[in-house]
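Trainee: Take a look at this one; I'll ask things after.
Read-outs: derived from the displayed coordinates by stated rules, not from any lab. Being a predicted model, the structure only gives us computed values, none of them experimental. Quick reminder, even Gly has a Cβ in these numbers, built from the backbone with ideal geometry, and neighbours come from all protein chains shown.
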Amino acid sequence: MKSKGRKTHVIGIVGGMGPMAGLDLNRKIFDQTKANSDQEHVPVVLSSFSARIPDRTAYLTGKERINPAKAIFRVIELLAASGAGIAGIPCNTAHSPCIFSRINEMVEKQDLNIRVLHMIQETGKFIAAACPNVRRVGLLATLGTYCSRVYQEILAGYNLEVIIPEAMICREVNAAVYHSRYGIKATGLPVSNEAQRLLINAIHHLKTKGVQAIILGCTELPFAFERKHANKMLFIDPTLVLARALVREAAPERLKPLLNT
């Protein structure tokens, strides 16, 4: 599809981390695209191979020996072979330096004609541009993302202070994602009451620390916040940020204006 003489890139989605997160990114790409017909949407290729990709948090916390970077790269290869020129990975933990840098090395070594956006860099740019008065942001994430310090290091470059919950709350947020009975990865939708309770408790905890916004730093977490909550808080959804960035890079004239954050 061409628009105004400019070739529109095909967007690639590295799915499977978890499977719902890839679908969520796909939906948000469509939601952020100006289109009056099926034919006006930006082409998207979603490739989801959950079983082939080792868990990112398990790797970063020493419970998994194999770096998931190689398996993620194999999916990127498939996307490039399908015509994708720009790609996103809807998994915050996969952007930890020891994973994402290896992915980039392999992309460059194989000289793939595809560019992979960095979701957390895009989140920093988004907050700086859309929320210029925000300086203290809370982070809800998995233990892998917390221990990698990827948000703290990247957002410092945007003069943002990232506030991490206390250790017990961090474990509870991780359980809301991973627990085999009530975690979002296990239950899917609707999100269980127990996971909701743990996450709302974490929000109240971060509010006591004076945060001005909270980053939903795991791609499963937005599913728990699709309904309005009584606690008034600005949530930053990196999946939405990534969706907008992918549309911007693929077909900027088709990106909807940002109405609110």
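Trainee: 5 Å is the cut-off here: which amide hydrogens, built 1.01 Å from N in the peptide plane, fall below it relative to VAL45, excluding neighbours closer than 5 in sequence?
Mentor: Answer set, sorted by chain and number: ILE11, GLY12, ILE13.
Trainee: In region 120-237, if the dipole is taken from +1 on Lys/Arg beta carbons and -1 on Asp/Glu beta carbons about the Cα centre, which of ASN201, PHE223, ALA176 is farthest to the positive end?
Mentor: The listed residue farthest towards the positive side: ASN201.
Trainee: Follow-up. Given R₀ = 30 Å, FRET efficiency for ALA129-ASN36 by Cβ-Cβ distance, to 0.05? Please list the in-between numbers first.
Mentor: Values: r = 27 Å, r/R0 = 0.91.
For R0 = 30 Å, the calculated efficiency reads 0.65.
Trainee: Apply the Karplus curve 6.51 cos²θ - 1.76 cosθ + 1.60, θ = phi - 60°, to the phi angles in region 211-216 and return the couplings in whole Hz, x for Gly and Pro.
Mentor: Per-residue couplings from phi come out as 6, 9, 7, 10, 8, 7 Hz.
Trainee: Within region 50-206, count lysine pairs with alpha carbon atoms under 28 angstrom apart where the residues are 8 or more positions apart or belong to different chains. Don't skip to the end; give the middle numbers.
Mentor: Numbers: LYS63/LYS185; LYS70/LYS109; LYS70/LYS125; LYS70/LYS185; LYS109/LYS125.
Counting lysine pairs in region 50-206 gives 5.
Trainee: Expressed as a whole number of Å, what is the distance separating the alpha-carbon centroids of region 103-117 and region 235-260?
Mentor: So the separation of the two Cα centres works out to 22 Å.
Trainee: If you don't mind, there's one more thing I want to ask. Per residue of region 33-46, in order, report the coupling 6.51 cos²θ - 1.76 cosθ + 1.60 (Karplus, θ = phi - 60°) as ³J(HN,Hα) in whole Hz, putting x for Gly and Pro.
Mentor: Result, rounded to whole Hz: 9, 6, 7, 9, 7, 4, 5, 8, 6, 6, x, 10, 10, 10.
Trainee: Using only Cα atoms and rounding to the nearest 10 degrees, what angle (0 to 90) does helix 238-250 make with the longest principal axis of the chain?
Mentor: 10 degrees
Trainee: With θ set to phi - 60°, apply the Karplus curve 6.51 cos²θ - 1.76 cosθ + 1.60 along region 132-139 and write out the HN-Hα couplings as whole Hz, x wherever there is a Gly or Pro.
Mentor: x, 8, 7, 10, 10, 10, x, 10
Trainee: Using a 10 angstrom cutoff on alpha carbons, build the Gaussian network for the chain and name the most mobile of GLY138, GLY210, GLY88.
Mentor: GLY210
Trainee: Here's something else I'd like to know. Quote to one decimal, in nm, the extra length available between SER50 and ARG197 on full extension: 0.36 nm per residue of separation minus the C-alpha distance between them. Kindly include the intermediate steps, with their values, before the conclusion.
Mentor: Details: separation 147, 0.36 × 147 = 52.92 nm, distance 2.74 nm.
50.2 nm is the gain from fully extending SER50 to ARG197.
Trainee: Here is a follow-up. What is the Cα coordinate range of region 120-237 on the first, second and third principal axes, sorted by size from largest, in whole angstrom?
Mentor: Principal extents (Cα only, largest first): 39, 30, 24 Å.
Trainee: Follow-up. On a 0 to 90 degree scale, rounded to 10, what angle separates helix 193-208 from the longest Cα axis of the chain?
Mentor: 80 degrees
Trainee: Helix 19-31 versus the longest principal axis of the chain: what angle, 0 to 90°, nearest 10, using Cα atoms?
Mentor: Result, in degrees: 60.
Trainee: Charges only on Cβ, +1 for Lys and Arg, -1 for Asp and Glu: so what's the dipole of the chain about the Cα centre, in debye to the nearest 20?
Mentor: Working: 33 positive and 21 negative charges, 56 e Å.
Rounded to the nearest 20 debye, it is 260 debye.
Trainee: A follow-up question, please. Just to be sure I understand the curve: with the Debye formula and one point per C-alpha of region 75-175, what is log10 I(q)/I(0) at q = 0.10, 0.15, 0.16 Å⁻¹?
Mentor: For the requested q values the scattering log ratios are -0.34, -0.70, -0.77.
Trainee: When the Cα centres of region 150-170 and region 14-34 are compared, how far apart do they sit, in Å?
Mentor: So the two Cα centres are separated by 25 Å.
Trainee: Taking the simple approach of a point 7 Å from Cα along Cα-to-Cβ for both HIS204 and ALA81, what is their distance in nm?
Mentor: 5.2 nm
Trainee: Hull surface divided by four, with the convex hull built on the Cα atoms of region 1-147: how many nm²? Don't jump to the answer; show the numbers that get you there.
Mentor: On the way: hull surface 41.4 nm².
Value for region 1-147: 10.4 nm².
Trainee: Among LYS28, LYS207, LYS109, which one shows the biggest mean-square fluctuation in a GNM of the chain, springs joining Cα atoms closer than 10 Å?
Mentor: The residue with the greatest mean-square fluctuation here is LYS109.
Trainee: So, one more: What GluC sites (Glu not before Pro) does region 60-108 have in DSSP loop regions with at most 15 other beta carbons within 10 Å?
Mentor: Listed in order of number, the matching sites are GLU64.
Trainee: Give me P(r) over the chain, computed from all C-alpha to C-alpha distances, binned every 5 Å, as integer percentages.
Mentor: Calculated P(r), rounded to whole percents: 1, 6, 13, 18, 20, 17, 13, 8, 3, 1, 0.
Trainee: Per-residue ellipticity at 222 nm for the chain, helices alone: DSSP H runs ≥ 4 residues times -39500 (n - 2.57), over residue total, nearest 500 deg cm²/dmol? Mind dumping the intermediate values first?
Mentor: Values: 11 runs with 114 residues, N = 261.
Result for the chain, helices only: -13000 deg cm²/dmol.
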